[in-house]
Amino acid sequence: MRHLPSPVSAGWRARLAALAAAFAMGVSPAVAAAPDPVAGHDGMVVSAQHLASEVGADILRRGGNAVDAAVAVGYALAVVYPQAGNIGGGGFMTLRLADGRTTFLDFREKAPLAATATMYQDAEGRVIPGLSTDSWKAVGVPGTVLGLETARAKYGTMSREALMAPAIRLAREGFVLGQGDAGVWALEHDGVARDPGMARIFLPQGRPLTKGDRLVQADLARTLALISAKGPDAMYRGPIGAEIAEASRAGGGLITPQDFAAYKVRELKPIECDYRGYHVVSAPPPSSGGVAICEALNILSGYDLAAMGFHSADEVHVLVEALRRVYVDRNNKLGDPDFVANPVAQLLDPAYAARLRAGIDMAHATPSSTLGPPSMAHEGHNTTQYDVLDAQGNAVSVTYTLNDWFGAHRVAGRTGIVMNNEMDDFTSKVGAPNMFGLVQGEANAIAPGKTPLSSMSPTIVTRDGKVALIIGSPGGSRIITITLEAILNMIDHGMNVQEAIDAPRVHAQWLPDVIYVEPYALSSDTRRLLEARGHVLKDSGHWGIAEGIVTGAPRLQDRGEEAGRVLSVSGPPLAGATMFGGHDSRQPGGSAEPVR
Ligand code: GLY
C-alpha cells in the first residue's frame, strides 16, 4: 500500500507528460471516446432535458445568478421531464456561493404525521408487496416547492414570477418530445395507464407519447400559475395542498392539510472532506451520499489509483473493497438527523479510514458477510441531477426526485402534479429478514414527520478556494458510486468532464456481494484477475445520468492555463472559455447549455 505525498501522482505525471508530448507534436492526445465538453464563458447549465437547460441559461443571460437559474430549471424540469423533475417530490441543493460560503438545502419528502413503522405490513407482520411503491400510502409530503422558494428568497435575486414563467409557458403551450424524451414514456406505459389522472395527461391519445408528439399540461400550468402568484402557501396552506390531501384520502393515503402546514425545509451544513488537494462539498444526512463519498475517498487516498490505471484489476479491487466497508456504515448507521445521531465525525476520521484500509487484502476479496449485520436498502433509481454555474462563481448542484420514474404513478385530482413514492426509501420492516434473508436497520425506520435516508449526492469540488467541479447523478444507491467514479476519473485518471461522465461504470454496495459491470467497463483479462481474487461479477445494462461542470479547462489538471490557451480535446483552442459542461451520453435528451 503506498501513501501519496502529493496531489499529483507518478501515474498522473506520466500522463501529463504524454499529453504535453502529443500537443507538442500537433496531434490530439489519446482520449476516451466522448464528445467534447461544451465550453462557456459566462455561465453553464447542465440537465437531463435540453429545454430545461435552455431555460436556466436564459435566466443567466437575463442577469439572474446561479440560484435563480436553478430555481427556474427545477420548475421547468417538472414540466419537460415529468418522470423525475417534479413539484410532487423532493430533493437536495448543495450551494457554493461566490464569496466562498457553502450550504445545503434539504427539501426531501417527509412521512405523513399518521405514518407508523409497520404501515407496510399485514396483521402477521409480513411486508405487503407494492404498498410502499404503488399506492397513495407510498407518497411522502412533498418539499420541492418550498425548497425552490427558500433558495430563491435567500440566495436568488429575481422574482418568483420571472423564474416560474418559462415552466408555466412550457406547460400551457406544450413542448414537442424528442427522441431522448420518448424512451421512458413507452417503458412506463402500464403504470401510467393504471391511474386515470396520469392517463389523461400522459396518454392523451391512448398510447405512449412519442418523438414529435406535443405534450400540453393545462392542469399543471394552472397549478404553477397559482404558486407563482400566491407563493408556496398556495400549496402548504392553501388549495393545492387541500386537493392533494383529498386525493390522498380518497385513494387510501395518509397525507392531510396538517402535513403540508407542518412541512419545513432544513438548511444544513454540507459534508466536506479533502482528497489529493481538492475539497469536496456534498450532501449531509438525511442523505448518505456525502458521508459515503468522503468515507470512500478517505480510504482510497491511501492508494495510487493513477498508477494502477482506470479500471485495472487493482483499482477495481480497492474501489470495491472500500465500497463494501462504506455501505456497511451507510446502511446501518445513517438516518434523518432529527431522529438519529449520525456518527459523521467518526466515519470521516482519517484514522477510521486507515483502520478500514488496513483490513483490505490486495490478493483476496473480503466476503461481505464478514463485515457487519446483514442489511440492505432499496431505493428508486429514477431521480434527476442538474448543475448551474454563473459568471460570478456561484455554483449550485441539485438532485431531486419522485423516487421511481413518475413516482407513485398518481396525479392528485386536477392539480396536474405527479406524486412521489419516496416512502419506499424507508425500511419497511426493521429487525426481521426480508425476502433476501437480510435484516434491515433501525436508523431508517418509518416515523411521523421523518425523512427517509437518501443516496442523492449533489456535490461541488473546489481547488485553491475556487469552484473546480459540480457533479451528481440519479441512480438510487448507485448515485454514490457514479459520483465517486466521476470524481476519481477526473482527479486520478485525468479525464475531462465528459470522458469522466461517459466512462463505463462498475458498482458495488456490500450486499448483494457482487460487482455490477456496465458494458465494456472491464476487459476479459481484468475480469479473470478479479474473479481469481474472489469477486463475483454481474453484467448489467447502463445506469445513471450524470451531469458535470468543470472550471478553467476541460481537465481539472489543466486549470491555471491561460484561458486563451485552453485546448479542446479534438479541435482548436477554446478562446476565452472559462467553464465546461458535460451531460451524460447515456441520456440523449439532456444538454449542457453555455452562456457565451
Ligand atoms: N430516491 C432516491 C434517493 O433518494 O436516493
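Would you call Leu254 at pLDDT 95 or above, surrounded by 21 or more Cβ atoms within 10 Å (Cβ to Cβ), assigned to a loop (DSSP other than H, G, I, E, B) and among the hydrophobic types (A, V, I, L, M, F, W, C)? Step through it out loud before you land on a result.
Details: at pLDDT 95 or above: yes; surrounded by 21 or more Cβ atoms within 10 Å (Cβ to Cβ): yes; assigned to a loop (DSSP other than H, G, I, E, B): yes; among the hydrophobic types (A, V, I, L, M, F, W, C): yes.
So Leu254 fits the description; yes.
Run down Ala234, Ala225, Ala229 and say which single residue is free of Cβ contacts under 8 Å to residues at least 12 places away in the same chain and farther than 23 Å from Asp404 by Cα. Lay out the reasoning, then the answer.
Working: Ala225 fails: free of Cβ contacts under 8 Å to residues at least 12 places away in the same chain; Ala229 fails: free of Cβ contacts under 8 Å to residues at least 12 places away in the same chain.
Sole residue among the options that is free of Cβ contacts under 8 Å to residues at least 12 places away in the same chain and farther than 23 Å from Asp404 by Cα: Ala234.
Here is a yes/no grid of residues against (1) buried (at least 23 other Cβ atoms within 10 Å of the Cβ); (2) more than 21 Å from Gln217 (Cβ to Cβ); (3) touching a His at 6+ places or on another chain (Cβ under 7 Å); (4) modelled with pLDDT of 95 or more:
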{"site": "Arg126", "(1), (2), (3), (4)": "no, yes, no, no"}
{"site": "Gly130", "(1), (2), (3), (4)": "no, yes, no, no"}
{"site": "Gly156", "(1), (2), (3), (4)": "yes, yes, no, yes"}
{"site": "Arg160", "(1), (2), (3), (4)": "no, no, no, yes"}
{"site": "Ala165", "(1), (2), (3), (4)": "no, no, no, yes"}
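Of everything in the range 395-414, what is part of a loop (DSSP other than H, G, I, E, B) and either crowded, with 24+ Cβ neighbours inside 10 Å or under 15 Å from the mean Cα position of the chain (by Cα) (or both)? Give them in sequence order. Quick ask: steps written out before the conclusion?
Within the range 395-414, the first condition is being part of a loop (DSSP other than H, G, I, E, B), and the residues that meet it are 402-410, 412-414.
Leu402, Asn403, Asp404, Trp405, Phe406, Gly407, Ala408, His409, Arg410, Ala412, listed by residue number.
Filter the range 173-182 down to the residues that are in a helix (DSSP H, G or I) and surrounded by fewer than 16 Cβ atoms within 10 Å (Cβ to Cβ) and list them by number. Even if it seems obvious, please write down each step before you answer.
Applying the first criterion (in a helix (DSSP H, G or I)) to the range 173-182 yields 173, 179-182.
Residues satisfying the conditions are Glu173, Gln179.
Check whether at least one residue in the range 323-334 is of a type in the set (Phe, Trp, Tyr) and over 22 Å from Asn489 (Cβ atoms), and report yes or no.
Of all residues in the range 323-334, those of a type in the set (Phe, Trp, Tyr) come to 327.
If we keep only those that are over 22 Å from Asn489 (Cβ atoms) too, we end up with none.
Checked against the condition, which is being of a type in the set (Phe, Trp, Tyr) and over 22 Å from Asn489 (Cβ atoms), the range 323-334 yields no hits at all.
Kindly indicate the residue of the range 147-172 that is among the β-branched types (Val, Ile, Thr) and in a helix (DSSP H, G or I) and also farthest from the chain's Cα centre (by Cα) among those meeting that condition.
Selected residue: Ile168.
Filter the range 42-90 down to the residues that are farther than 18 Å from Ala412 by Cα and among the polar types (S, T, N, Q) and list them by number.
Listed by number, the residues that qualify are Ser47, Gln49, Ser53, Asn65.
Output yes when any residue across the range 472-493 is in a strand (DSSP E or B) and touching a strand residue (DSSP E or B) at 6+ places or on another chain (Cβ under 6 Å), and no when none is.
We begin by selecting, within the range 472-493, every residue in a strand (DSSP E or B); these are 472.
From what's left, touching a strand residue (DSSP E or B) at 6+ places or on another chain (Cβ under 6 Å): 472.
Yes, the range 472-493 has at least one match.
Quick test of your reading of the structure: Pro504 fulfils all but one of (1) touching a helix residue (DSSP H, G or I) at 6+ places or on another chain (Cβ under 8 Å); (2) surrounded by fewer than 24 Cβ atoms within 10 Å (Cβ to Cβ); (3) at pLDDT 95 or above. Name the failing condition by number.
Unmet condition: (1).
Does Ala193 satisfy being without any contact (Cβ under 8 Å) to a residue 12 or more places away in the chain and surrounded by fewer than 20 Cβ atoms within 10 Å (Cβ to Cβ)?
Working: without any contact (Cβ under 8 Å) to a residue 12 or more places away in the chain: yes; surrounded by fewer than 20 Cβ atoms within 10 Å (Cβ to Cβ): yes.
Answer is yes for this residue.
Checking Asp219 against (1) in contact (Cβ under 8 Å) with a residue 24 or more places away in the chain; (2) closer than 29 Å to Met119 by Cα: exactly one of these is not met. Which one?
(2)
Return a yes/no flag: does the range 118-128 have any residue that is out of contact with any strand residue (DSSP E or B) (no Cβ under 6 Å at 6 or more places or on another chain) and at positive phi. Please lay out each step first, then the result.
Filtering the range 118-128 down to residues out of contact with any strand residue (DSSP E or B) (no Cβ under 6 Å at 6 or more places or on another chain) leaves 118-119, 122-126, 128.
Next cut, at positive phi only: 125.
Yes, the conditions are met somewhere in the range 118-128.
Within the range 283-300, can you find the residues that are over 22 Å from Lys450 (Cβ atoms) and not charged (D, E, K, R)? I'd like the intermediate steps shown before the answer.
Of the range 283-300, the ones over 22 Å from Lys450 (Cβ atoms) are 293-300.
Across the range 283-300, the qualifying residues are Ile293, Cys294, Ala296, Leu297, Asn298, Ile299, Leu300.
With respect to Gly309, is the statement that it is more than 16 Å from the ligand (Cβ to nearest atom), surrounded by fewer than 24 Cβ atoms within 10 Å (Cβ to Cβ), at positive phi and small (Gly, Ala, Ser) true? Show your work before the answer.
Values: more than 16 Å from the ligand (Cβ to nearest atom): yes; surrounded by fewer than 24 Cβ atoms within 10 Å (Cβ to Cβ): yes; at positive phi: yes; small (Gly, Ala, Ser): yes.
When the stated conditions are applied, Gly309 passes them.
Kindly evaluate Tyr327 against the criterion of being within 16 Å of the ligand (Cβ to nearest atom) and either modelled with pLDDT of 90 or more or touching an Asp or Glu at 6+ places or on another chain (Cβ under 9 Å) (or both). Give the derivation first.
On the way: within 16 Å of the ligand (Cβ to nearest atom): yes; either modelled with pLDDT of 90 or more or touching an Asp or Glu at 6+ places or on another chain (Cβ under 9 Å) (or both): yes.
So Tyr327 fits the description; yes.
Residues of the range 351-374 being outside any loop (DSSP other than H, G, I, E, B) and surrounded by 13 or more Cβ atoms within 10 Å (Cβ to Cβ), which ones? Show your work before the answer.
Just the residues of the range 351-374 that are outside any loop (DSSP other than H, G, I, E, B), to begin with: 351-358, 368-370.
Hits for the range 351-374 are Tyr352, Ala353, Ala354, Leu356, Arg357, Ser368.
When you scan the range 471-504, how many residues do you find that are away from the ligand (no atom under 14 Å from the Cβ) and of a type in the set (Gly, Ala, Ser)?
Start the filter on the range 471-504 by keeping residues that are away from the ligand (no atom under 14 Å from the Cβ), which leaves 471, 484-504.
In the following step, the residues that additionally are of a type in the set (Gly, Ala, Ser) were identified as 486, 494, 500, 503.
Residues flagged as away from the ligand (no atom under 14 Å from the Cβ) and of a type in the set (Gly, Ala, Ser) within the range 471-504 amount to 4.
Could you pull out the residue among Ala283, Ala292, Ala354, Ala296 that is of a type outside the set (Asp, Glu), in contact (Cβ under 8 Å) with a residue 12 or more places away in the chain and farther than 24 Å from Lys269 by Cβ? If you could, list the steps in order and put the result at the bottom.
Numbers: Ala283 fails: farther than 24 Å from Lys269 by Cβ; Ala292 fails: farther than 24 Å from Lys269 by Cβ; Ala296 fails: farther than 24 Å from Lys269 by Cβ.
Residue meeting the stated conditions: Ala354.
Restricting to the range 508-532, name every residue that is outside any loop (DSSP other than H, G, I, E, B) and of a type outside the set (Gly, Ala, Ser).
We begin by selecting, within the range 508-532, every residue outside any loop (DSSP other than H, G, I, E, B); these are 515-517, 524-532.
Ile515, Tyr516, Val517, Asp525, Thr526, Arg527, Arg528, Leu529, Leu530, Glu531 - these are the residues of the range 508-532 that are outside any loop (DSSP other than H, G, I, E, B) and of a type outside the set (Gly, Ala, Ser).
I'd like the full set of residues that are buried (at least 17 other Cβ atoms within 10 Å of the Cβ) and among the acidic types (Asp, Glu), limited to the range 106-124. Give the derivation first.
Of all residues in the range 106-124, those buried (at least 17 other Cβ atoms within 10 Å of the Cβ) come to 106-112, 115, 117, 119-120.
Those that are buried (at least 17 other Cβ atoms within 10 Å of the Cβ) and among the acidic types (Asp, Glu): Asp106, Glu109.
Going residue by residue through the range 379-392, is there one that turns out to be surrounded by fewer than 22 Cβ atoms within 10 Å (Cβ to Cβ), more than 16 Å from the ligand (Cβ to nearest atom) and at pLDDT 95 or above?
yes
(1) in contact with a Leu (Cβ under 8 Å, 6 or more places away or on another chain); (2) surrounded by 15 or more Cβ atoms within 10 Å (Cβ to Cβ): which one isn't true of Thr210, the others all being true?
The failed condition is (2).
Any residue in the range 406-424 that is at positive phi, more than 16 Å from the ligand (Cβ to nearest atom) and not aromatic (Phe, Trp, Tyr)? Explain how you work it out, then say what you get.
Let us first name the residues in the range 406-424 that are at positive phi, namely 406-407, 409, 413, 416.
From what is left, the residues that are more than 16 Å from the ligand (Cβ to nearest atom) are 413, 416.
In the following step, the residues that additionally are not aromatic (Phe, Trp, Tyr) were identified as 413, 416.
Yes: one or more hits.
The values are calculated or read from the model by the stated rules, or taken from the named source; none is laboratory data. Predicted, not measured: the structure shown is a model, and the values here were computed from it. Cβ sites come from the backbone with ideal geometry, for glycine too, and all protein chains shown count toward neighbours.
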